[in-house]
Amino acid sequence: MSRPTPATFNELYEKYSRDVFQFVLYLSGDWARAEDITSEVFLRIWTSEAEIRAVSVKAYLFTIARNLYLEQWRRERRKRSLEGDIPMPARQLPDLVNRQEVERVTVALAQLPELERAALLLRAEDELSYAVIGELLQIPEASARMKVFRARTKLTEMLDRSKS
């Protein structure tokens, strides 16, 4: 895909902004950060001179979003301790009915290593293939499969423990 025109940019934004937002929200657990990173992703697409070269446009957008999230996380890690609760979004996601269940899952997701969390979200939320997940995370396809498997196993265990 070449550099977007105003019309194609609007289509791109309408089609993918919600997916990018939800991906970053699940990565970070922070509504404001998800909004900021989503805006930055589309700003970078708009101002980029380079052509988009990825398996899919959505995968490319998620790669940018994940890299921006990691940049912010690294900067903040130097400034403060990472211990403590992950802030929950001030507003509910429109599609989610049970806020307590969402909080349980979000807290459990936050306890997963970042690479496993990203792989699981890309697979579960966006139904990307393991090959695409491997490309996005810059790991072999077999490693992507293993990361998703381990993340699912750990998440299931954590959620089972939190029910008791």
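The values are calculated or read from the model by the stated rules, or taken from the named source; none is laboratory data. Keep in mind that what you see is a predicted model, and the values were worked out from it rather than measured. With ideal geometry, Cβ positions are generated from the backbone for all residues, glycine too; neighbour counts draw on all protein chains shown. Surface areas here come from the heavy atoms of the whole protein model, side chains and all, with no ligands, DNA or RNA. Shrake-Rupley method; radii C 1.70, N 1.55, O 1.52, S 1.80 Å.
Over all alpha-carbon pairs in segment 98-139, figure out the percentage whose distance exceeds 14 Å.
Here the tail beyond 14 Å accounts for 52 percent of pairs.
Modelling each spin label as a point 7 Å along the Cα-to-Cβ direction, I'd like the Leu159/Gln138 distance in nm, to one decimal.
3.1 nm
Report the relative contact order of segment 107-164, percent, no decimals, based on alpha-carbon pairs under 8 angstrom and at least 6 residues apart.
It rounds to 38 percent for segment 107-164.
Order Met146, Met158, most accessible first, counting only protein heavy atoms with a 1.4 angstrom probe.
Ranked list, largest accessible area first: Met146, Met158.
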